[in-house]
Amino acid sequence: MECLKIETQTVNEPVFITTPQDFRLPEPLQLDCGRILKDVNIRYETAGTLNADKSNAVLVNHALTGDAHVCGRHTPEDKKPGWWDEMIGPGKMVDTNKYFVICSNVIGGCSGSTGPQSIDPDTGKPYNMSFPVITVADMVRAQKQLIDHLGIEKLLAVLGGSMGGMQVLQWAVSYPEMMQAVIPIATACQYSPQNIAFDWVAREAIKADPNWKGGEYDAENVPARGLAAARMLAHITYLSEESISRKFGRSLQDKSDNYDYDFDFDFAVESYLQYQGRRFVERFDANSYFYITRSTDYFDLTANTGGDLAKAFEKVKAAFLVVSFSSDWLFPTSQSRRIVDALLTNGNEVSFCEIKSGYGHDAFLLEVDTLGRMVRDFLHYQQEAYSR
């Protein structure tokens with residue numbers, strides 16, 4: 001059991017504690033780019049208890065800049081819980097009193113799993129930009145070894161949003177016998193040209209920072225301005241015009257009615273983006289941003305089927321719950337409908353819902369009540385089906 005409840009001294013309610021763990025792959029990982037990644041470490045966390053027949057395991061995949069800390073807190077004093085703590089935990093929508101939840105940091109990341117900051121065993125130095133280019137399929141292959149290590153032959157469900165949803169879809173295609181249910185949220189079967197363009201501009205912003213130095217920067221002189229600019233650009237795509245207008249409108253930062261007539265921030269939305277960029281630099285690595293965004297650029301389930309998504313899904317056996325959000329223009333509902341149509345062509349069991357929301361792409365993290373009830377009921381039904 002990898003989690004426990006500890007009573008804090010400052011609040012009456014118990015704090016749910018989850019503990020980071022490491023799994024080192026027993027063998028080098030063969031990558032799609034043709035290279036081999038040695039001494040691969042996977043940082044992961046679990047919550048709940050695996051039942052006797054190991055039929056209650058739920059794998060959660062994180063989005064672009066997420067990590068393995070999906071729920072709970074690492075210590076009773078932690079102020080910030082896991083990134084989907086409102087959704088997952090004891091008595092919550094994904095109830096860890098019922099399910100054994102697993103979440104791992106993707107390879108290429110900077111939160112414990114092997115990535116550009118890791119030491120190259122062949123040189124004894126950090127990989128930096130000599131790290132091999134990775135794909136979503138590579139991430140899933142590494143996760144598969146973790147699931148094998150945990151002794152789980154079949155997952156009850158694999159779920160995730162955004163890039164996490166891409167991993168979910170890749171799991172269904174790569175290992176069709178290994179899950180009862182699949183829940184891709186706010187995602188697509190291939191990255192759109194528009195999204196590839198946003199990634200390119202973000203990486204160019206990092207390259208333009210003089211501290212980047214081709215990726216050979218040190219911890220004291222990171223390309224902070226470039227990485228912050230990349231994050232600000234990306235953050236805009238996670239929102240909607242409605243959510244930005246509702247939250248900020250054209251309000252000025254200093255609450256006055258007068259412009260400063262300079263190029264520092266006047267508007268509240270500008271100050272907000274600057275804050276988001278600054279906070280991102282504190283927790284994320286610029287080189288990892290290169291590798292993970294490139295993995296999403298390359299993601300295309302139809303690459304080997306001549307654009308035929310139904311053919312890509314032809315071996316899939318799991319039941320699907322596909323969810324989109326009405327104001328998500330990064331991964332619009334049309335992309336989810338394409339997934340649904342391909343599954344229906346193959347006769348797969350599939351449920352679909354577009355949730356009305358003004359939050360944009362971030363709705364998959366914010367619409368906890370509506371999305372959570374849907375996921376809760378779907379998991380309950382699929383667990384009963386799994387047991388039959």
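The values are calculated or read from the model by the stated rules, or taken from the named source; none is laboratory data. This one's a predicted model, so the numbers in the text were calculated from it and none came from an experiment. Counting neighbours? That spans all protein chains shown, and the Cβs are built from the backbone with ideal geometry, glycine included. SASA here: full protein model, heavy atoms, side chains in, ligands and nucleic acids out. Shrake-Rupley method; radii C 1.70, N 1.55, O 1.52, S 1.80 Å.
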### Query
Within the stretch 208-229, can you find the residues that are buried (at least 16 other Cβ atoms within 10 Å of the Cβ) and farther than 15 Å from SER288 by Cα?
ASP209, ASN211, ARG225, ALA229
### Message
Looking only at strands (runs of 3 or more DSSP E) that lie completely in the stretch 1-110, which have at least 3 residues being modelled with pLDDT under 95?
### Response
3-6
### Task
Please find, among GLU367, GLU349, the residue that is open to solvent by 10 Å² or more (accessible area, probe 1.4 Å), of a type in the set (D, E, K, R), under 14 Å from ALA181 (Cα atoms) and in contact (Cβ under 8 Å) with a residue 12 or more places away in the chain.
GLU349
### Query
Within the bounds of the stretch 137-158, is there any residue that is at pLDDT 95 or above, in contact with a helix residue (DSSP H, G or I) (Cβ under 7 Å, 6 or more places away or on another chain), surrounded by fewer than 19 Cβ atoms within 10 Å (Cβ to Cβ) and among the β-branched types (Val, Ile, Thr)?
no
#### Entry: Residue count for the stretch 68-101, restricted to those that are under 18 Å from LEU146 (Cα atoms) and out of contact with any helix residue (DSSP H, G or I) (no Cβ under 9 Å at 6 or more places or on another chain)
5
### Summary
Those residues of the stretch 105-127 that are surrounded by fewer than 18 Cβ atoms within 10 Å (Cβ to Cβ) and either charged (D, E, K, R) or under 14 Å from PHE284 (Cα atoms) (or both) come to a total of 4
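Table: residues versus (1) of a type in the set (A, V, I, L, M, F, W, C); (2) surrounded by 14 or more Cβ atoms within 10 Å (Cβ to Cβ); (3) over 18 Å from the mean Cα position of the chain (by Cα).
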position	(1), (2), (3)
SER251	no, no, yes
ASP262	no, no, yes
PHE267	yes, yes, yes
SER271	no, yes, yes
GLY277	no, yes, yes
ASP297	no, yes, no
PHE313	yes, yes, yes
VAL316	yes, yes, yes
### Summary
Residues of the stretch 184-207 being in a loop (DSSP other than H, G, I, E, B), of a type outside the set (S, T, N, Q) and open to solvent by less than 10 Å² (accessible area, probe 1.4 Å), in sequence order, are ALA186, ALA188, CYS189
### Query
Is it the case that some residue within the stretch 79-88 is touching a residue at least 24 places away in the same chain (Cβ under 8 Å) and in contact with a Phe, Trp or Tyr (Cβ under 6 Å, 6 or more places away or on another chain)?
no
### Query
Taking only pairs six or more apart or across chains, which ones have beta-carbon atoms under 6 Å, a first residue in the stretch 282-307 that is without any contact (Cβ under 8 Å) to a residue 24 or more places away in the chain, and a second residue that is aliphatic (A, V, I, L, M)?
THR305/ALA312
### Query
Scanning the stretch 17-42 for residues that are surrounded by 14 or more Cβ atoms within 10 Å (Cβ to Cβ) and of a type in the set (A, V, I, L, M), which turns out nearest to SER118 (Cα to Cα)?
VAL40
### Query
Of the residues in the stretch 318-333, how many are outside any strand (DSSP E or B) and of a type in the set (Val, Ile, Thr)?
1
### Summary
Matching residues in the stretch 352-364 (open to solvent by 60 Å² or more (accessible area, probe 1.4 Å) and charged (D, E, K, R)) number 1
